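A.B. asks: First the structure, then my questions, so here it is.
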Amino acid sequence: MSNPARSLPPDQIARLSAAIDARRDDLIALTQALIRIPTINPPGAHYRDICEFLKTRLDGAGYQVELIRAAGARGDSDAHPRWNIVARRPGVAPGDTVHFNSHHDVVETGSGWTVDPFGGLLRDGRIYGRGACDMKGGLAASIIAAEAFAETVPDYRGAIEISATADEETGGFGGVAYLAEQGYFSPERVQHVIIPEPLNKDRICLGHRGVWWAEIETFGRIAHGSMPFLGDSAIRHMAALLGRFESELYPALAEKHTAMPVVPPGARQSTLNINSIHGGQEEPEAGYTGFPAPVVAHSARIVIDRRYLIEETPAAVRQEVIDLLDGLVRDRPGFRYEIRDLWTIPPTLTDREAPVVTAVSDAIRAVLGLEPDYVVSPGTYDQKHIDRIGRLKNCIAYGPGILDLAHQPDEWVGVDDMLDSARVMAVALLRLIGPATP
Ligand SMILES: [Zn+2]
């Protein structure tokens, strides 16, 4: 780990800053080129294309480049293989490895665009397109930061790594999770990870809340709809559960507050979303013009998305819902249920004094003259795999762009914001792997 007392010489900061300014046009062109590869997920399109594009770029900049397919991982198929790229540029002396990890997938465009979502339009200092802020702008900024650093400080220690990974938008199992399982994020290989997600250039994201997804099914007995008393409606049983959610669970969740600095502040408590509800008769096939048949619902299902706090335990979060269900078994004749856990991820919170946090904090102060803002994300991102599978705790999200624009129509990233955050990344590199004798 680096010496936390290492000072930041102003002349070197000025040289790094100038090297980044000199790459302004390159940064714009790189961001546009990345946006023009429509890596929409699902299904996971053009992953190989974007990895090949990046390989060409990084090969030429002195990196050892690997293209890695997450063969057999969730989401991987021959039609849509999950390709990832990991590039490593060693320094001249032993030292830490600093890794910049970006996801290369983007979500669908949706409606409401006034520009071409894959055109990469540059207008009034903004670059537009799907993935501009989430997070091809951050990927481009980290590449430019690393190239400017390697040119300005050729005698750096340790190594710089840059990765672009698949499937963050759908859980990251064919991306960072796979790479972490293969040892790419083990603490022996990598000591500092920066994920350039769009958190704003003066913010450091230390982690995220926990998540528990589950499917709950209630059961009934089918009967003729004109004599529902001869059956038992699974939908009414589900309605009783939803009633208890409203009267008991939601008020209880609103009382659970966290000390984690989650943004937006509305997420500084436990939350529950009912992601979907299905019950009774199946939807008719397309083209069916008849009416539904009168039947009592024999099954109803909901999928719940419960986000929890570092102050809670996963067992207690689950038990709270089980207690409501078991209460209904006691109180409500015929109430039967099953619950199936879909997935769970514990909360993650990197220490405020961790080396990567202090390095980026000092870089924000030196470059922007601002006190950094420390935040926590309401939802998970790839840090979950780096922490949980890679066992690497020294990880943050830091990158350009405004989080609220992610997944929206007319998504954009500001060129000046990318340049500023690239400066911060380069100065953080200086702090973490600068020359042993400056
Ligand atoms: Zn993202």
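Readers should treat all values here as calculations from the given coordinates under stated rules, not as data from a laboratory. A quick note: this is a predicted structure, and the numbers were derived from the prediction, not measured. In this analysis, Cβ positions are derived from the backbone assuming ideal geometry, glycine residues included, and neighbour counts consider all displayed protein chains.
A.B. asks: What list of ³J(HN,Hα) values in whole Hz, one per residue of the range 281-295 in order, does the Karplus curve 6.51 cos²θ - 1.76 cosθ + 1.60 (θ = phi - 60°) give from phi, with Gly and Pro shown as x?
C.D. replies: Karplus-based 3J(HN,Hα) across the range 281-295 equals 4, 4, 4, x, 5, 4, x, 5, 10, x, 8, x, 8, x, 9 Hz.
A.B. asks: What number comes out for the charge environment of ARG352, summing +1 per Lys or Arg and -1 per Asp or Glu over other residues with Cβ under 15 Å away?
C.D. replies: For residues surrounding ARG352, the net value is -2.
A.B. asks: Right, next: Could you please tell me the mean projected area of the C-alpha convex hull for the range 223-316, averaged over all directions and given in square nanometres to one decimal?
C.D. replies: 9.1 nm²
A.B. asks: Using just the Cα positions, wrap the chain in a convex hull and report its mean projected area in square nanometres, one decimal place.
C.D. replies: 23.7 nm²
A.B. asks: What residues qualify as long-range amide H neighbours of ARG221, i.e. H under 5 Å apart, gap of 5 or more or another chain, H built at 1.01 Å from N?
C.D. replies: Counting only residues 5 or more places away or on other chains, the set is ASP232, SER233, ALA234.
A.B. asks: Further question: How large is the Kirkwood hydrodynamic radius of the range 153-210, in angstrom, based on all distinct alpha carbon pairs?
C.D. replies: Working: mean 1/r = 0.0733 Å⁻¹.
Its Kirkwood hydrodynamic radius stands at 13.6 Å.
A.B. asks: Run through the DSSP bridge list for the chain and note the antiparallel percent, rounded to the nearest 5.
C.D. replies: Restricted to the chain, the bridges split so that about 70 percent are antiparallel.
A.B. asks: Can you run phi through the Karplus equation (6.51, -1.76, 1.60; θ = phi - 60°) for the range 15-30 and list ³J(HN,Hα) in whole Hz, with x for Gly and Pro?
C.D. replies: 5, 4, 4, 5, 5, 6, 4, 5, 9, 3, 5, 5, 4, 4, 5, 5
A.B. asks: Here is a follow-up. Can you list the trypsin sites (Lys or Arg not before Pro) in the range 45-88 that are in a DSSP coil and have 16 or fewer other beta carbons within 10 angstrom?
C.D. replies: When the trypsin sites (Lys or Arg not before Pro) of the range 45-88 are filtered for loop state and at most 16 Cβ neighbours within 10 Å, ARG74 remain.
A.B. asks: Pull up all non-local amide H partners of VAL211: gap of 5 or more, or a different chain, and H-to-H distance under 5 Å with H placed in the peptide plane.
C.D. replies: Amide H neighbours of VAL211: TYR308, ILE345.
A.B. asks: Another question, then. Helix 234-244: angle to the longest alpha-carbon principal axis of the chain, degrees 0 to 90, nearest 10?
C.D. replies: Between the helix axis and the principal axis of the chain, the angle is about 60 degrees.
A.B. asks: Right, next: Please compute the alpha carbon radius of gyration of the range 209-254, then divide it by the globular-protein estimate 2.2 N^0.38 Å. Two decimals is fine.
C.D. replies: Working: Rg = 14.7 Å, N = 46, 2.2 N^0.38 = 9.4 Å.
Normalised by 2.2 N^0.38 Å, the Cα Rg of the range 209-254 equals 1.56.
A.B. asks: Assuming 0.36 nm per residue, please report the length gained on full extension of the stretch GLN182 to THR56 beyond their Cα-Cα distance.
C.D. replies: Difference between extended and current length: 43.0 nm.
A.B. asks: Could you please state, rounded to a whole Å, how far the C-alpha centre of the range 397-435 is from the C-alpha centre of the range 165-187?
C.D. replies: 21 Å
A.B. asks: Separate question: Return an integer: the convex hull volume of the alpha-carbon atoms of the range 120-199, in Å³ per residue.
C.D. replies: Values: hull volume 9.2 nm³, N = 80.
It comes to 115 Å³ per residue, whole-number rounded.
A.B. asks: For the range 61-199, restrict the atom set to alpha-carbon positions and state the Rg and Dmax in Å.
C.D. replies: For the range 61-199, the Cα-based Rg and Dmax read 16.4, 52 Å.
A.B. asks: Under a no-solvent Debye model with one identical scatterer per Cα of the range 39-78, what's log10 I(q)/I(0) at q = 0.20 Å⁻¹?
C.D. replies: -0.68
A.B. asks: Using Cα centres only, tell me the gap between the range 66-84 and the range 123-143 in whole Å.
C.D. replies: Distance between centres, Cα-based: 25 Å.
A.B. asks: Report, by chain and number, residues whose modeled amide H sits under 5 Å from the one on ALA93, excluding near sequence neighbours (fewer than 5 apart, same chain).
C.D. replies: GLY158
A.B. asks: By how many nm would the segment from LEU370 to ILE322 grow when fully extended, if each residue of separation counts as 0.36 nm and the alpha-carbon distance is taken off? Present the calculation step by step, with values, prior to reporting the outcome.
C.D. replies: On the way: separation 48, 0.36 × 48 = 17.28 nm, distance 4.69 nm.
Length difference between fully extended and current span is 12.6 nm.
A.B. asks: Would you kindly calculate the mean projected area, averaged across all directions, of the convex hull enclosing the Cα atoms of the range 169-238, in square nanometres?
C.D. replies: Directional mean of the projected Cα hull area for the range 169-238 stands at 9.3 nm².
A.B. asks: Let me ask another. Go through the range 281-336 and name the chymotrypsin sites (Phe, Trp or Tyr not before Pro) that are in a DSSP coil and have 14 or fewer other Cβ atoms within 10 Å of their Cβ.
C.D. replies: Values: sites: TYR288, TYR308, PHE335; in loops: TYR288, PHE335.
Passing sites in the range 281-336 are TYR288.
A.B. asks: Using θ = phi - 60° and the Karplus curve 6.51 cos²θ - 1.76 cosθ + 1.60, what whole-Hz ³J(HN,Hα) does each residue of the range 152-161 get, with Gly and Pro shown as x?
C.D. replies: 7, 10, x, 8, 6, 8, x, 7, 10, 10
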